[in-house]
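Everything on this sheet refers to the single structure shown next.
The values are calculated or read from the model by the stated rules, or taken from the named source; none is laboratory data. All of these numbers come straight from a predicted model, not from anything done at the bench. Don't worry about glycine lacking a Cβ; one is built from the backbone with ideal geometry, like all the others, and counts go over all protein chains shown. These area figures cover heavy atoms from the full protein model, side chains too; ligands, DNA and RNA do not enter into them. Shrake-Rupley method; radii C 1.70, N 1.55, O 1.52, S 1.80 Å.
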Amino acid sequence: MKSESMRIKEISLRQDPDLRKELALLARGCDFVLPSRFKKRLKAFQQVQVQTKKEETLPPSLSQNIPTFYFPRGCPKEKVNIDAVIAKIERTFSEFPNERATLEDMGKVAKACECPLYWKGPLFYCAGGERTGYVSVHKFVAMWRKILQTCYDDAAKFVHLLMNPGCNYLVQEDFIPFLQDVVNSHPGLSFLKEASEFHSRYITTVIQRIFYTVNRSWSGKITCNELRKSNFLQNVALLEEEADINQLTEYFSYEHFYVIYCKFWELDTDHDLYIDRKDLARHNDHAISNRMIERIFSGAVTRGRKAQKDGKISYADFVWFLISEEDKKTPTSIEYWFRCMDLDGDGALSMYELEYFYEEQCQKLDNMAIEPLPFEDCLCQMLDLVKPQYEGKITLHDLKRCKLTDVFFDTFFNIEKYLDHEQKDQFSMLRDGEGESQEVSDWEKYAAEEYDILVAEEAASDQWNDGYEAELNPVDHQKSNVLKYQMEKRPFFEMPSHLADVDLDEYDYEEDFE
């Protein structure tokens with residue numbers, strides 16, 4: 001009987017939890033001792049365990065077979081004959097005296113590099129042409145060969161050409177030489193050649209529009225990935241094809257610059273290129289609520305610590321304000337006003353925050369002898385409009401899904417536009433928003449209308465003062481008259497500028513910035 005009990009199957013040994021525990025103790029050198037027959041079974045059990053572990057371990061070769069999927073400088077192209085490109089560049093340089101190219105010659109060099117024409121400025125400056133006034137073939141070839149070997153798409157190449165050494169991003173000042181070359185050489189801006197004091201105003205406006213559209217992270221630093229996702233480089237390529245700069249409405253339009261600058265000039269009474277709360281309050285006949293103006297000056301959406309300490313905002317900040325005010329449907333404008341309305345910075349608009357801004361709207365309506373809608377009724381309308389995902393709060397993601405964000409924002413801080421929306425049928429507004437598919441943005445409509453008004457005012461003024469000039473082109477009138485404005489002696493875009501020192505509130509909105 002005793003001998004039979006000792007004949008336990010090996011499988012039962014391995015499955016018995018108590019016995020396995022004792023076997024483990026024995027394996028670690030404990031005093032527990034089993035009969036000699038169990039020692040053989042223990043040895044077999046340990047061998048099986050070791051073999052199982054070996055089978056579960058993945059060979060290191062498998063991890064090496066995973067293909068590369070992250071290309072911060074662009075995906076390498078298989079068929080790129082660098083030597084052929086370099087040979088073409090050398091032939092182009094052979095046409096120049098002493099094989100040296102000036103900035104005026106760089107258009108041909110840009111074409112030899114298979115780049116858009118207006119890359120000529122960045123190519124020239126990256127090769128050291130600013131110091132000597134020319135670029136030698138050997139220095140340029142060395143520079144371009146390195147770029148071809150390390151940068152594999154246009155975005156990476158453009159960032160490399162403009163960025164400071166040791167950086168992998170672009171700040172606002174990096175665009176100045178590139179845009180100055182555009183001002184100096186584009187036929188659509190030839191009338192600005194004799195008005196150098198206006199160059200910095202135009203350049204600053206374009207830079208702000210670039211960062212407004214491209215810098216989706218609000219970091220003040222444009223990365224290769226952000227540039228790659230934007231349409232900026234396509235617009236740079238169009239500079240060569242489009243002689244009328246005003247057709248490039250997204251970044252380079254002079255007419256848009258003219259509208260923005262004239263609007264700022266009307267508010268900047270002392271013409272120091274800064275405006276305070278009272279100045280901004282006069283915009284559009286005091287349409288913006290005082291509480292929203294306080295939020296704009298709080299630093300939630302403005303840049304430059306010095307201006308904030310003095311209680312003022314710069315012209316660059318005004319560019320962001322005006323575009324956001326006139327087109328509240330773009331991702332950046334939604335983020336702009338959301339930051340302003342999010343008083344506690346928790347990433348959501350609470351009912352308290354909505355009521356805080358609506359109170360002043362009610363006061364303005366009372367002053368206009370208009371009975372305001374009770375906040376509870378207004379809140380129901382806005383919740384039906386936005387359809388938030390979570391009850392009791394509205395997130396940035398909710399607003400980006402809404403097709404009538406302009407109606408939502410104007411309800412809480414723009415009394416004039418709020419009344420305009422109230423006179424329209426909500427279903428017709430929704431239908432118009434879906435039908436347009438944003439072929440022409442609200443900002444482009446506003447800029448075109450305001451420009452026509454400004455030109456008409458200039459033409460009427462000229463006709464009153466000089467009757468015989470009434471037949472002249474009104475566009476020529478406005479271009480000549482704007483250059484007659486009295487300019488300040490202080491440079492507008494000083495180097496280094498505070499515009500690149502981003503001091504925005506650190507909100508936790510990363511998941512909504514797409």
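If we keep just the residues of segment 254-268 that are more than 13 Å from ASN284 (Cα to Cα) and acidic (Asp, Glu), which is most open to solvent (accessible area, probe 1.4 Å)? Filtering first and then ranking leaves GLU255. Does LYS221 satisfy being open to solvent by 50 Å² or more (accessible area, probe 1.4 Å) and either under 23 Å from THR302 (Cα atoms) or touching a Ser or Thr at 6+ places or on another chain (Cβ under 8 Å) (or both)? Criteria met by LYS221.
Of everything listed in (1) open to solvent by 50 Å² or more (accessible area, probe 1.4 Å); (2) over 25 Å from SER333 (Cα atoms), the single unmet condition for LEU192 is (1).
Quick check, is GLU355 under 22 Å from LEU280 (Cα atoms), modelled with pLDDT of 95 or more and open to solvent by 30 Å² or more (accessible area, probe 1.4 Å)? Answer is no for this residue. Among residues of segment 84-96 that are touching a residue at least 24 places away in the same chain (Cβ under 8 Å), those with a beta-carbon under 7 Å from a residue that is basic (Lys, Arg) at least six positions away or on a different chain give the pairs ILE86/ARG145. No other residue among GLU449, GLU444, GLU457 is at pLDDT 95 or above, open to solvent by 60 Å² or more (accessible area, probe 1.4 Å) and either in a helix (DSSP H, G or I) or of a type in the set (Phe, Trp, Tyr) (or both) apart from GLU449. The residues on offer are LEU192, LEU233, LEU227, and the sole one that is farther than 23 Å from ALA300 by Cβ, at pLDDT 95 or above and out of contact with any Pro (no Cβ under 9 Å at 6 or more places or on another chain) is LEU227. In this structure, ARG216 does not satisfy being open to solvent by 50 Å² or more (accessible area, probe 1.4 Å), of a type in the set (D, E, K, R) and out of contact with any strand residue (DSSP E or B) (no Cβ under 8 Å at 6 or more places or on another chain).
Checking each residue in segment 245-260 for being over 16 Å from ASP452 (Cβ atoms) and touching a residue at least 24 places away in the same chain (Cβ under 8 Å) picks out ILE245, GLU250, TYR251, PHE252. It is to be established whether one or more residues within segment 395-409 are open to solvent by less than 60 Å² (accessible area, probe 1.4 Å), at pLDDT 95 or above and more than 23 Å from LEU322 (Cα to Cα). Yes, that holds for at least one residue.
Table: residues versus (1) among the small types (Gly, Ala, Ser); (2) open to solvent by 10 Å² or more (accessible area, probe 1.4 Å); (3) modelled with pLDDT of 90 or more; (4) touching a helix residue (DSSP H, G or I) at 6+ places or on another chain (Cβ under 9 Å).
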| position | (1), (2), (3), (4) |
| --- | --- |
| HIS286 | no, yes, yes, yes |
| ASN290 | no, yes, yes, yes |
| GLU294 | no, yes, yes, yes |
| SER298 | yes, yes, yes, yes |
| THR302 | no, no, no, yes |
| ARG305 | no, yes, no, yes |
| LYS309 | no, yes, no, no |
| SER314 | yes, no, yes, yes |
| PHE321 | no, no, yes, yes |
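The residues in segment 79-132 that are of a type in the set (D, E, K, R) and closer than 27 Å to ILE176 by Cβ can be counted, and the count is 9.
Tally the residues that are closer than 22 Å to TYR336 by Cα and assigned to a helix (DSSP H, G or I), restricting the search to segment 356-395. Residues that pass the stated criteria total 11.
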